[in-house]
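One structure below.
All of the numbers you see were taken from the coordinates with simple rules; none came from a lab. In this text the structure is predicted, and so the values were computed from the model without any measurement. With ideal geometry, Cβ positions are generated from the backbone for all residues, glycine too; neighbour counts draw on all protein chains shown.
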Amino acid sequence: MKFLVSSTSLLKQLQMVAGVLNSSNTLPILDNFLFKIEQNELTISASDLETTMITKMSIESEDSGMVAVPAKLLLDTLKSFPEMPMTFIVDDKTFAIEVSTEQGKYKLSGYNGEEFPKVMELENPSKVELNAEVLAYAINKTIFATGNDDLRPVMSGIYFEFGNDGLRFVATDAHRLVRYTRSDIKADKNTGFIVPKKPLSLLKNILGTTNADVKVEYNETNVQFTFDNVTMVSRLIDGKYPNYESVIPKENPNKMTISKGTFLNSIKRVSIFANKTTHQVKLGVKGSELEISAEDIDFSNQANERLGCNYNGEDIEIGFNSKFIMDMVSNLDSENVNLEMSGPSKAGIIVPAEPENENEDILMLVMPIMLNN
């Protein structure tokens, strides 16, 4: 089996799927890329059993066949080459691979491609199509709020809720929650499934380089994303997602509007003086003035700042984890943000003051930290 390929084109495709690879695998074959050749087309696959990523590219070849190629060795080799044609010759019996270029020859041992895990075929999947930019944006705005608790695996992914009234993407780690809604894209039937964080992180990076439409196909166990020359299949997280709507307070009479940049920079400065375990900052709002303060009693560190804001409601003092507030506010795109509160022991809601797109809605919720008065 023989084929000719451009070194930089091959490297680009390999780097796209390489993120799936784990540093330690239970099956040694998963340390390899699967190369499948069918007359002038090379299909490259990488898998960690939970997620499989596949990409296709044009090559020059009159042969067909497949071989598993050591991933790290091939990537390290290609990174050291400038743009040049490379010829791969694979021994059909021993799977030994010889790569030749103008400079020289390189030999590496390949493996039987038949040993590579087969990609899961989705039976009777439901489908929805959405633009790559929309999907990347939805992942970007929610993925930071996913949890890392092994005891609650359902919280370690993004909940995709598709229905005939729109699409919702939700992430929570029990301390904060983000809900992103699109009303302009609809699915045929109402359904919900949880996609793990790792494949979505990989997907987000690739979606940033395309403007194609992404076909999302899903059943009860797997989801498949297809666009351009890329296919990604991932196993879904099994379990029931928490009833997130029940934790979002409906009545929030105390509403503050403040400049996003001013608020974010002030929290960053003040939080340096906060307790390193709780990261607690206190927000005190009276009239049109917001006081942001933090202290670390163990080291006698203390800081407070006063900012102007628009506020309707009763005077309130409430504590939050500064890291959570910074994550949320920095992920909003509007110039001003609204912080809506019902009381010092109830969750605070952060939303953009001026939504950019009438078809989208983003809501961020953060649980308070009890203040030690």
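Some points to look at:
- For the range 206-344, a/c is not less than 1.5, where a ≥ b ≥ c are the root eigenvalues of the C-alpha gyration tensor, and a/b tops b/c. That puts it in the prolate class.
- The trypsin sites (Lys or Arg not before Pro) of the range 274-373 that meet both conditions, a loop assignment by DSSP and at most 12 other Cβ atoms within 10 Å of the site Cβ, are K276.
- Summing Cβ point charges (Lys, Arg +1; Asp, Glu -1) relative to the Cα centre of the chain gives a dipole of roughly 660 debye.
- Cα-centre dipole for the range 275-373 with unit charges at Cβ (Lys and Arg positive, Asp and Glu negative), debye to 20: 500
- Mean sequence separation of contacting Cα pairs (under 8 Å, at least six apart), scaled by the length of the chain, corresponds to a relative contact order of 13 percent.
- Degrees, to the nearest 10: 132-142 long Cα axis against longest axis of the chain: 50
- Cα point-scatterer Debye curve for the range 20-120, base-10 log of I(q)/I(0) at q = 0.12 Å⁻¹: -0.39
- Gyration tensor (alpha-carbon) shape descriptor, the range 244-294, a/c threshold 1.5: oblate
- Counted charge near R306, where neighbours are those whose Cβ lies closer than 12 Å (Asp, Glu -1; Lys, Arg +1): -2
- At q = 0.14 Å⁻¹ the log10 of I(q)/I(0) for the range 88-164 amounts to -0.81, computed by Debye summation with a single uniform scatterer per C-alpha, solvent ignored.
- The three principal axes of the C-alpha atoms in the chain carry coordinate ranges of 78, 50, 36 Å, sorted with the longest axis first.
- In the range 279-372, the C-alpha radius of gyration followed by the widest Cα-Cα span (Dmax) gives 14.0, 48 angstrom.
- Under the convention that each Lys and Arg Cβ holds +1 and each Asp and Glu Cβ holds -1, the size of the dipole of the range 102-181 around its Cα centre is about 260 debye.
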